[in-house]
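Written below as structure tokens is the structure these notes are about.
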Amino acid sequence: MAVALGAFGAHSLESVLTPEQLSTWDTASRYLMAHSLAALIAAYAGFHRPASGFLLGAGLFSGSLFVYLMTGFRPLVFITPLGGVVMVASWLWMAHAIWHRRTSGD
């Protein structure tokens with residue numbers, strides 16, 4: 001999905017969005033891809049809650065940007081930072097879970 005959205009932005013929206021908006025689209029695509037991969041790795045390693053956080057955060061962050069850029073509905077940009085906070089919290093949660101697993105011997 002992230003690859004498709006990135007390609008859509010790069011090829012189909014080039015004549016519709018400004019260069020700054022295309023850069024935002026690219027950032028949203030990259031964050032979606034990176035955190036989807038992080039969620040897969042975390043889930044595979046048995047860290048299901050951080051994996052869910054990665055997906056929720058990426059969905060809020062990238063999704064709000066995609067919809068805002070397509071519709072111009074400005075209030076959506078207030079959701080974007082919430083998604084970023086959830087992604088950062090998920091990384092911290094993942095680090096804590098790894099540390100706890102290493103120290104407890106599970």
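Computed from the coordinates by the stated procedures, all read-outs in this text should not be read as laboratory data. Please read all numbers here as calculations on a predicted model, not as lab measurements. Backbone-built Cβ (ideal geometry, glycine too); neighbour counts: all protein chains shown.
Highest-first packing order for the peptide set 28-36, 93-101 is 28-36, 93-101, based on the mean count of other beta carbon atoms within 10 Å. Debye calculation, C-alpha points only, no solvent: report log10 I(q)/I(0) for the range 27-72 at q = 0.13, 0.24 Å⁻¹, in the same order as the q values. At q = 0.13, 0.24 Å⁻¹ the computed log10 ratios are -0.29, -0.73.
Taking one quarter of the surface of the convex hull spanned by the alpha-carbon atoms of the range 51-100 gives a direction-averaged projected area of 3.0 nm². If you model the chain as an ellipsoid using its alpha carbon gyration tensor, with each semi-axis the square root of five times an eigenvalue, the axes come out at 31, 14, 9 Å, biggest first. Within the range 72-98, find all residues whose amide N lies under 20 Å from a label point positioned 7 Å from the Cα of ILE41 along Cα-to-beta-carbon. The answer is 84-98, whose backbone nitrogens lie closer than 20 Å to the label point. Note on LEU82 and ARG101: the model spin-label points, each 7 Å out from Cα along the C-beta direction, lie 3.0 nm apart.
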